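The values are calculated or read from the model by the stated rules, or taken from the named source; none is laboratory data. Every value quoted in this text rests on a predicted model; they were computed, and no experiment measured them. Positions of Cβ are generated from backbone atoms using ideal geometry, with glycine treated the same way; all protein chains shown enter the neighbour counts. Accessible surface areas use protein heavy atoms only, side chains included; no ligands, DNA or RNA. Shrake-Rupley method; radii C 1.70, N 1.55, O 1.52, S 1.80 Å.
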Amino acid sequence: MENIGKVSHWVFHLGDTRLVVNSTTLMMTWVVIGLVLAFALIATRGRAMVPGPWQQLAEFLVQWFRELVRDALGEAYEERYFTLICGMFIFLLLCNWVGVLPGLEEPTKDINTTLGLGIMGFIIAHGTAIKVKGLKQYLKEYFEPMFFLMPLNVVGEVAKVISISFRLFGNIIGGSIIIVVVTHLVYGLLLPPFLYGFFGLFVGTVQAFVFTMLTLVYISVQIR
Amino acid sequence: MAVEISGADIVRAAAMLGAGIAMGIGAFGPGLGEGIVAGKACEAIGRNPREAGLLTRTMLVGQAVAESTGIYSLVVALLLIFVV
């Protein structure tokens with residue numbers, strides 16, 4: 001209960017500059033990467049026409065997201081962005097679920113993770129826009145309805161990154177704090193499994209899906 | 001023996017009060033928004049029960065997006081509590 005506000009740091013001294021790194025987030029991100037790789041290996045190891053449970057799960061995810069990406073981006077760009085979207089969803093899903101395991105914390109509890117993913121999505125969306133529409137058309141679109149609306153359009157684009165990152169960050173850290181506080185109040189009786197079930201699994205899944213879908217929508221808006 | 005309250009305590013008290021107000025008012029918007037989303041989803045499912053799965057999924061996404069302003073006020077409240 002008392003270590004809610006505490007964050008453990010690693011400090012690296014590169015010459016005169018101090019590099020401060022959030023150690024919990026780094027370690028937990030490596031744990032999640034390991035889990036994603038393990039899931040991939042298990043799902044694709046015994047590939048057979050009659051799929052085993054893990055292979056069925058993997059096939060379901062792949063087919064579902066291929067369908068979503070094809071609807072949003074059309075045939076031409078589906079192949080290029082499908083792996084990004086499906087990989088992002090699986091990573092975020094396991095990120096949000098890993099907090100349920102005892103002793104582990106969600107990497108998305110740290111603003112650096114979510115803001116990093118948000119900025120990555122922003123760069124991908126705008127990089128595609130520039131490549132597809134060409135720089136001149138891309139810049140012209142900021143002056144679209146009326147020329148004096150340019151600042152508004154620019155702020156609107158940046159606001160998307162902030163809103164998508166803080167939504168995921170706020171949901172996960174809010175959920176984890178509520179879990180810690182209520183478990184402390186109830187002395188760990190009866191409630192924690194339901195709290196973990198709701199805040200860890202349900203909210204985690206919904207937020208991972210929302211983050212991925214919005215990234216996909218931001219890319220498709222830029223392409224069309 | 002009157003215990004005088006120094007500046008730091010006033011700042012701390014104001015931060016806590018601000019966090020409470022932020023969360024209180026911040027809960028109003030999402031409650032309204034999610035209610036409207038859920039209501040419209042129920043109507044749509046009533047009209048076309050075969051699409052219940054897709055409608056439920058879309059409703060959840062819509063509610064999560066409507067909830068984001070409440071989450072921003074939660075982040076502000078957390079900052080006020082833990083940082084100030």
Decide, for the range A:161-207, between rounded, prolate and oblate: order the square roots of the alpha carbon gyration tensor eigenvalues as a ≥ b ≥ c, take rounded if a/c falls under 1.5, and otherwise choose prolate if a/b is larger than b/c, else oblate. oblate
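As an exercise, identify the chymotrypsin sites (Phe, Trp or Tyr not before Pro) in the range A:143-224 lying in DSSP coil whose Cβ has no more than 10 other Cβ atoms within 10 Å.
A:Y187
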Report, in deg cm²/dmol and to the nearest 500, the calculated mean residue ellipticity at 222 nm for chain B, where each DSSP H run with n ≥ 4 adds -39500 (n - 2.57) and the sum is divided by the residue count. -28000 deg cm²/dmol
Once you put a point 7 Å from the Cα of A:A38 and another 7 Å from the Cα of A:L26, both along the Cβ direction, what distance in nm separates them? 2.2
What relative contact order, as a whole-number percentage, does the range A:1-134 give when Cα pairs under 8 Å and 6 or more residues apart are counted? 21
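I need to check one value: relative contact order of chain A, counting alpha carbon pairs closer than 8 Å and at least 6 residues apart, in percent.
On the way: 200 pairs, mean separation 53.5, N = 224.
For chain A, the relative contact order is 24 percent.
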Counted charge near A:Q55, where neighbours are those whose Cβ lies closer than 14 Å (Asp, Glu -1; Lys, Arg +1): +1
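Is the shape of the protein assembly as shown best called rounded, prolate or oblate, per the rule: a/c under 1.5 gives rounded, else a/b larger than b/c gives prolate, else oblate, with a ≥ b ≥ c the square roots of the Cα gyration tensor eigenvalues? Before the final figure, lay out each step's value.
Working: a/c = 1.44, a/b = 1.27, b/c = 1.14.
It comes out rounded by the Cα gyration axes.
Go ahead and run the numbers for FRET between A:V182 and B:T56, Cβ-Cβ distance against an R0 of 30 Å, rounding to 0.05.
0.65
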For helix A:203-223, report the angle its Cα long axis makes with the longest principal axis of the Cα atoms of chain A; keep it between 0 and 90° and round to the nearest 10°. 10
Whether the range B:10-82 is rounded, prolate or oblate, judged on the alpha carbon gyration tensor where a/c under 1.5 counts as rounded: prolate
Inter-site label distance for A:L104 and A:L61 at 7 Å from Cα along Cβ, in nm: 1.3
Counting only protein chains, not ligands or nucleic acids, how are A:K140, B:K40 ordered by accessible area (probe 1.4 Å), most first? B:K40, A:K140
Over chain A: helical MRE at 222 nm, DSSP H runs n ≥ 4 each giving -39500 (n - 2.57), nearest 500: -25000 deg cm²/dmol
Over 24 Å between Cα atoms, which of A:K109/A:K131; A:K6/A:K109; A:K133/A:K160 qualify? A:K109/A:K131
So how tilted is helix A:23-45 from the main axis of chain A? Cα-based, degrees 0 to 90, rounded to 10. 80
I'd like the FRET efficiency for A:E157 and B:D9, computed as 1/(1 + (r/R0)^6) with the beta carbon distance as r and R0 of 35 Å, rounded to 0.05. 0.25
Sort A:M120, B:M59, A:M146 by accessible area with a 1.4 Å probe, largest first. A:M146, A:M120, B:M59
In degrees, nearest 10, the alpha-carbon axis of helix B:68-82 is tilted away from the dominant principal axis of the alpha carbons of chain B by 20
Using only protein heavy atoms and a 1.4 Å probe, report how much of A:E144 is accessible, in Å² to the nearest 10. 100
For A:I162, A:I85, B:I10, the accessible-area ranking with a 1.4 Å probe, largest leading, is B:I10, A:I162, A:I85
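In whole percent, what relative contact order does the range A:156-224 give with Cα contacts below 8 Å and a gap of six or more residues?
Working: 23 pairs, mean separation 26.1, N = 69.
Relative contact order of the range A:156-224: 38 percent.
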With each label point set 7 Å from Cα along the Cα-Cβ vector, what nm distance links A:M150 and A:W10? 4.4
